[in-house]
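Asker: Below are the structure tokens for one structure; questions will follow.
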Amino acid sequence: MPIPLHKASSRWTFTIPPNIEQLRHWHSYALIGNARHDAAMLRAAEEQLARFGARRDYRTGIRIDFGSHSRYGQLTTVLDLMLRYDIKQYMLDIYRSEPVLYVWNGHWSSGQGRY
């Protein structure tokens with residue numbers, strides 16, 4: 001999974017741009033632990049990922065929120081979709097209380113380097 005790395009002294013650290021929410025318009029999907037809702041969200045997210053992986057879009061991205069009641073299996077399902085649709089630019093923010101996966105095409109400049 002391509003994640004921007006920055007060398008801090010003798011260690012490599014992962015960074016999430018602090019302004020990531022403003023860098024793109026995000027198509028958002030939330031997995032909340034409700035089986036019917038999550039199945040519908042996963043289907044919708046997969047359709048969007050299939051279209052998204054086939055084109056370059058520098059203005060929009062996909063954001064998938066994993067709520068406190070979502071299951072680990074849903075994360076592995078979404079990561080499998082990244083492989084299936086050959087999407088290489090994504091970032092999993094695990095520093096939040098509820099993880100978020102950001103997916104984008106192209107690049108952006110956050111002022112702290114290119115992502």
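Asker: So what does Glu47 come to for accessible area, using a 1.4 Å probe and Å² rounded to 10?
Answerer: We get 110 Å² for Glu47.
Asker: Which net charge results for the neighbourhood of Gly73, defined as the other residues with beta-carbon distances under 12 angstrom from its beta-carbon, given Lys and Arg at +1 and Asp and Glu at -1?
Answerer: Local charge sum for Gly73: -1.
Asker: In a Debye calculation with equal point scatterers on the alpha-carbon sites of segment 21-86 and no solvent, what is log10 I(q)/I(0) at q = 0.19, 0.28 Å⁻¹?
Answerer: -0.74, -1.30
Asker: Please list the non-local residues whose amide H lies under 5 Å from the amide H of Trp26, H modeled 1.01 Å from N, same-chain partners needing a gap of 5 or more.
Answerer: Gly61
The values are calculated or read from the model by the stated rules, or taken from the named source; none is laboratory data. Source: prediction; values computed, not measured. Virtual Cβ from ideal backbone geometry, glycine too; neighbours counted across all protein chains shown. Only protein heavy atoms, including side chains, enter the accessible area calculation; ligands, DNA and RNA are left aside. Shrake-Rupley method; radii C 1.70, N 1.55, O 1.52, S 1.80 Å.
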